[in-house]
Structure formats: structure tokens, C-alpha cells
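Report on the structure given below.
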């Protein structure tokens with residue numbers, strides 16, 4: 001008897017023994033033996049007929065085919081190739097998903113009819129736990145190529161077939177299996193090799209398609225970034241001719257995308273070095289000519305190289321200097337926070353100042369704020385800015401009195417690198433440039449040196465500056481608000497302030513009243529600052545002596561609102577148990593209000609440096625009672641009436657303060 005035929009008989013006997021006793025004959029290949037055991041544990045009936053229970057319904061099959069459309073389309077080309085080699089020999093080629101459901105089948109018409117009898121049709125499930133040991137199911141279970149021939153099949157109805165199958169992967173993910181099935185008598189070992197080769201080709205095609213999809217996605221993403229990025233982007237070839245340009249960059253060069261860079265960019269040596277030597281550059285300041293206008297940018301450039309490392313071009317990024325300035329101003333606090341609603345007070349003088357300032361905000365004229373120190377000139381300046389059309393631009397404040405006279409020019413107009421000893425590397429942007437598009441607030445303008453007054457006047461007239469040590473004219477669009485506590489008209493007469501500059505700045509003049517001339521606003525200011533300070537310090541104030549307001553209103557407040565706010569903060573810090581009394585008022589405020597009668601001997605006290613506030617208040621009250629008694633010739637009833645207290649209260653106070661008739 002032929003060896004192959006004898007082997008087939010031996011495998012048949014081993015199969016019968018296993019399904020009857022569960023015992024494995026050593027002649028059974030390990031991969032088949034393991035599969036038989038899994039099939040037995042899954043409860044597969046080796047003698048059952050065709051199983052339709054696990055087949056997909058028509059809607060389910062349609063959904064499956066749609067889900068794997070790309071996979072099927074790729075696999076079908078290779079399925080047709082291997083079917084072409086076995087056409088007319090009774091073989092079929094089958095494709096399944098990762099669960100064992102058949103998605104495509106090819107074969108001769110008569111072979112396909114026989115396959116239908118075995119349920120080898122689209123939508124049928126040939127997983128190992130359903131159909132027992134078979135090519136598709138076992139290849140998916142072991143995740144390895146396998147050939148199952150004749151009686152190696154677990155189910156009796158498929159034992160006349162030989163199935164050669166291999167799993168299919170997309171990267172590391174199992175997505176299905178490919179199988180070639182035919183009569184067991186016609187199968188050759190090379191059949192499995194054909195299937196494995198076809199699977200490798202399918203996996204390669206899937207990989208290429210996946211990479212192409214990723215490249216298309218990446219290209220679309222890069223294209224969207226290129227088109228929507230806020231910076232200008234220019235791609236050039238090695239000769240410096242523009243190959244690609246994004247919409248933002250087009251606006252910088254008047255939409256002319258056919259030019260060479262050297263026709264409109266001044267920093268050509270830097271760019272040429274990048275294109276010739278492959279040396280990138282970062283944050284270089286360049287100017288771009290666009291028609292009659294010249295704009296300045298921070299530019300970064302990087303070379304583009306091919307797969308051989310050869311320079312074939314470069315990409316240039318352009319970021320407008322004005323945009324950088326706005327970011328710097330925003331994050332460095334160069335913006336206005338106060339509005340007209342933040343200016344407290346109902347007195348006629350303060351409301352008149354607010355009214356004039358509010359109207360001034362609507363124009364672009366220069367504003368001169370005058371008033372004593374601490375009256376809130378910068379608050380008004382910020383409020384004007386925030387109501388003006390420039391509200392979205394920067395607000396830059398410069399204290400002309402706090403800058404050394406030799407540094408004022410560099411502070412206002414900036415300087416180029418190497419302009420003078422100690423100049424910052426790369427130069428420095430001046431306050432006029434930083435404020436371009438917004439407001440420049442020049443505080444203490446009366447302290448500006450005469451030589452810089454000339455330069456300031458020129459800027460106000462020409463709207464352009466030149467950095468110290470530079471030769472480029474820079475256009476600036478700035479609204480000027482000035483403030484001073486000096487009488488500029490008098491300074492003009494003295495020769496300390498230029499008359500032409502004074503008239504240029506004093507277009508709209510607003511005088512801010514001192515606090516002593518708007519004492520009716522003190523209760524409102526007190527409530528506001530008390531709440532603000534309590535919240536800031538985390539100290540809750542439960543009670544406030546009403547007499548505090550009287551003392552605060554009688555004080556002259558030489559430091560105005562600034563001093564007032566500091567006094568409130570001091571009182572809150574010294575408050576006892578959340579109660580605010582007269583004893584918490586600073587002694588200098590009390591002392592100013594005590595005017596002893598020269599005819600009356602005051603109480604003996606310690607020196608002014610150590611005097612206690614309660615003693616001062618007692619002395620003031622004692623003198624007030626004595627003065628009223630003298631005015632009324634010692635009449636207790638009239639004195640009590642004038643002091644708005646009862647007779648018993650007056651007697652009690654007189655005993656306490658050691659006053660006798």
C-alpha cells in the first residue's frame with residue numbers, strides 16, 4: 001500500500017479514536033492535536049451536517065462587507081492571481097475576517113456549487129469553535145499558516161478536502177485569513193506556499209495603502225497649517241525664487257509670488273548663507289518692501305534638503321514686529337486696566353473732569369492731565385485709552401521724572417546694536433515703537449530735558465522715529481497723553497519747557513481736583529477702599545465708628561487719593577477684632593485737627609512722638625466743652641444743647657475730663 005494512503009488511513013483511525021475516547025495518537029501532528037482538543041472543548045459535533053446557525057443575515061453581511069471594503073478590494077486582486085494557477089482543478093480561494101466569517105470566495109462554478117453544500121459561502125462562519133479543525137479557523141486560532149488535509153479536519157463532512165490557510169495582518173493587528181481549498185487528492189505542499197506568498201503580497205499592499213493614506217493625511221494637515229498659520233511662510237528654491245507662499249505672506253509682498261527674494265527683502269546675505277551653506281537663522285530683524293511701504297519683521301529661516309542631504313531650498317517665516325510688540329505688551333502688563341466706571345466720586349469737580357475725559361477719548365488728540373500727585377492722573381489716562389478706538393492696542397506708561405536724562409532718548413526711541421557703550425546686544429525697541437497702534441502715557445512730562453523735548457516734538461509732527469545709532473525711518477502711530485503736577489505755562493515762561501511742545505500737547509486739558517476740594521466724596525471712597533482692602537488682607541471689618549468719616553473729612557490730604565488709600569490699609573491692619581474706631585486713625589491726622597485754646601491750660605501729655613490717640617481725642621473733647629461753657633457763661637443747659645448731648649452726659653464728661661465750673 002502507498003505510504004500517503006497508509007498515512008491517511010492511520011489519521012482516520014486516530015480521529016475515530018479521539019472522537020470516541022478523547023485519546024490522541026502520537027502520529028497526529030501537534031498543531032492538529034491541539035486543534036482537536038480545542039474543538040472538543042468547544043462542543044463541536046464531529047458528525048453533524050451543515051451548520052447555518054452561525055451565518056450572518058443579509059443586513060449583517062452587507063455591513064461586514066462595507067466595513068472591510070478596502071481590505072477586500074486589495075485581497076481580491078491576489079486571490080484572482082492564485083486562482084488563475086489552479087483554475088479548472090476543483091479549488092476555491094476564500095477570504096475571511098478575523099472572526100472567521102467568509103467575505104469573498106472564488107472558484108470554478110461546479111466547485112462553488114459543491115462549496116455551497118458545505119456552507120462555504122459569504123457570511124458563513126468557519127471559526128474553529130464553530131466548525132472544528134479547518135484551514136481558516138485553525139490559522140486564525142494559532143495565528144500561523146496551516147494546512148489541514150483529509151481526516152485532520154474535525155468535522156466528518158469536510159474530510160474530503162484539503163485547506164491551506166494563512167492569517168493576514170495590518171501592521172500588528174490580525175484582520176483576516178486567506179485559504180485555498182480543494183480535493184485532498186490534488187493538494188500539494190506547495191499549495192500552502194502559494195497562499196503564504198499571496199498573504200505577504202496582500203499585507204505589503206495594505207502597508208503601502210496605509211502609508212499613502214498617512215501621507216495624504218499628513219499632506220492635508222501640513223497644507224492646512226501652511227494656509228492658516230498666522231505667520232507668513234515662504235518656500236524658496238536654492239536660487240531664492242519663491243515656489244510656495246501662504247496667504248499671510250502674500251499680504252506682506254503685495255501678492256506677488258513670482259518675485260525673487262532680493263527684490264523686496266533687505267537681509268539677503270543671511271538668507272543666501274542659509275541657502276548656500278545650510279545654516280539656519282533665528283529671529284533676525286528684516287525689512288520687506290511692499291510698494292511704497294516698508295514693514296519690519298522677525299524672520300526665521302531653515303534649509304530644505306533632499307534624501308542625499310543636498311540643499312534644494314529653504315523655508316522662511318515672517319512675523320510682523322508689531323504683532324510681537326503686542327504680545328510683549330500684553331504679557332508684560334503694558335495694557336490699561338482702569339475704566340471711567342472705576343473713578344469714584346459724585347462731587348461736581350470730579351464729574352466735570354470725567355465728562356471732559358470721556359469726550360476726549362473719542363478723538364485722537366493729545367491730552368494733558370494736570371493735578372497734584374496722587375490725584376489719579378494715570379487712572380484717567382488708562383480710562384481714556386480704554387474708551388478710545390485704540391482700546392485693543394498697547395498702553396505704555398513712561399515716567400519722565402524717573403529716567404536719568406541721558407537715558408530718556410534711548411528709552412523713548414530705542415537704539416541699534418553697538419549704538420553706545422553698554423548697548424544691549426541686538427539693540428532695543430523704544431517705547432514709541434512698543435506703543436504703536438495704542439497710547440503712550442508720558443507722566444511727569446514737565447521733567448523732560450529740553451533737548452529731548454525737541455525730539456518729542458518732531459515725532460509728534462512727523463509720526464516717525466529713528467533709533468539711536470540707526471538710519472532706518474520707522475513709522476509710529478501713537479496717541480499721546482501727558483500728565484504733570486507742575487504749572488507748564490509758568491515753566492514755559494521760565495524757559496524750562498518749550499512753548500511749541502506745550503501747545504502741541506495741550507490740545508485737551510483736564511485738571512484733576514485734589515481730595516481736599518472734593519471732601520463730599522470721602523464717604524464713598526472710604527467704603528470702596530475699606531471693602532477692597534479687607535478682601536485683599538483677609539480681615540473682616542464688622543463695625544466702623546461713624547465719627548471716623550468726620551475726622552477724615554477734616555484732614556487736608558496732601559497726598560490725595562494715594563495717601564487716602566494707604567491710610568485705610570493701615571487702619572484695617574491695626575483693627576482690633578474686626579472693629580474700626582477713632583483710635584485706629586493715624587496720629588498725624590488727629591494732631592492736625594487739634595487746636596488748643598491759648599487761654600486754657602491743656603492736659604499734661606507725653607511728647608508728640610509717643611502721645612496716644614485716645615489722650616489726644618480726650619484733650620480735643622475737653623477743650624470743646626470748656627470753650628462752649630465759656631461761650632455760654634457756664635450755663636449747663638445751653639452748653640449741653642449746643643453740644644447735642646443731655647445734661648447728665650455733660651456732667652459725666654466734665655467729671656471724667658476734670659472740668660469744674
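Derivation of every value follows stated rules applied to the coordinates shown; laboratory data play no part. Computed from a predicted model, the values in this text were never measured in an experiment. Virtual Cβ from ideal backbone geometry, glycine too; neighbours counted across all protein chains shown.
With the crude spin-label approximation of a point 7 Å out along Cα→Cβ, what separation in nm comes out for residue 243 versus residue 656?
With each label placed 7 Å out from Cα toward Cβ, I get 9.4 nm.
If the viscosity is 1.002 mPa s and the temperature 20 °C, what translational diffusion coefficient in µm²/s does Stokes-Einstein give for the chain when Rh comes from Kirkwood over Cα pairs? Intermediate results must be reported in sequence, preceding the final value.
On the way: Rh = 35.5 Å.
It diffuses with D of about 60 µm²/s by this estimate.
Quick one: grab the alpha carbon gyration tensor of region 141-202, order the square roots of its eigenvalues as a ≥ b ≥ c, and give me rounded if a/c is under 1.5, else prolate or oblate depending on whether a/b is larger than b/c.
Taking the square roots of the gyration eigenvalues as a ≥ b ≥ c, region 141-202 is oblate.
Relative contact order of region 154-242: what whole-number percent is it, with Cα pairs under 8 angstrom and at least 6 residues apart?
21
In region 333-513, how does Rg compare with the Kirkwood Rh, expressed as the Rg/Rh ratio over alpha carbon atoms?
0.98
Using only Cα atoms and rounding to the nearest 10 degrees, what angle (0 to 90) does helix 522-537 make with the longest principal axis of the chain?
40
Go through 429-442, 106-119 and give me the packing order, highest mean Cβ count within 10 Å leading.
Put in order of decreasing packing, that is 429-442, 106-119.
With a/c under 1.5 counting as rounded, go ahead and sort region 49-118 into rounded, prolate or oblate using the C-alpha gyration tensor (a ≥ b ≥ c being the square roots of the eigenvalues; past the cut-off, prolate if a/b is larger than b/c, else oblate).
Taking the square roots of the gyration eigenvalues as a ≥ b ≥ c, region 49-118 is oblate.
How long is region 82-169 along each principal axis, judged by its Cα atoms, biggest number first, in Å?
31, 30, 22
For helix 58-67, what angle does its Cα long axis make with the longest principal axis of the chain, in degrees from 0 to 90 and rounded to 10?
60
Does region 448-549 classify as rounded, prolate or oblate by the C-alpha gyration tensor (a ≥ b ≥ c root eigenvalues; a/c under 1.5 gives rounded; else a/b over b/c gives prolate, otherwise oblate)?
Prolate is the answer for region 448-549, as a/c is 1.5 or above and a/b outweighs b/c.
Expressed as cubic angstrom per residue, what is the convex hull volume of the alpha carbon set of region 491-540?
156
Which of the peptides 154-166, 309-321 is most tightly packed, and how do the rest follow, judged by the mean count of other Cβ atoms within 10 Å per residue?
Most protected by this proxy first, the peptides run 154-166, 309-321.
In vacuo Debye scattering of region 353-399, one point per C-alpha: log10 I(q)/I(0) at q = 0.22, 0.25 Å⁻¹?
With no solvent term, the Cα-only Debye profile gives -0.79, -1.00.
On a 0 to 90 degree scale, rounded to 10, what angle separates helix 3-21 from the longest Cα axis of the chain?
That works out to roughly 60 degrees.
Taking the beta-carbon count within 10 Å as an exposure proxy, list 365, 181, 627 from fewest neighbours to most.
Lowest count first: 365, 627, 181.
Which peptide among 193-206, 643-656 comes first, and what is the full order, when sorted by highest mean count of other Cβ atoms within 10 Å?
193-206, 643-656
Return a whole-number percent for the relative contact order of the chain, with Cα pairs under 8 Å and 6 or more residues apart as the contact set. Display every interim value, and only then the final one.
Details: 1070 pairs, mean separation 46.9, N = 661.
Reported as a whole number, the value is 7 percent.
What's the exposure ranking of 73, 97, going from fewest to most Cβ atoms within 10 Å? List each step's numbers first, then the result.
Details: 73 12, 97 21.
By the 10 Å Cβ count, ascending: 73, 97.
From Cα coordinates alone, what are the radius of gyration and Dmax values for region 3-210 in angstrom?
Using the Cα atoms of region 3-210, the pair Rg, Dmax is 16.3, 50 Å.
Where does the chain land at 222 nm, in deg cm²/dmol rounded to the nearest 500, when only DSSP H runs of n ≥ 4 count, each adding -39500 (n - 2.57), divided by all residues?
For the chain, the value works out to -13500 deg cm²/dmol.
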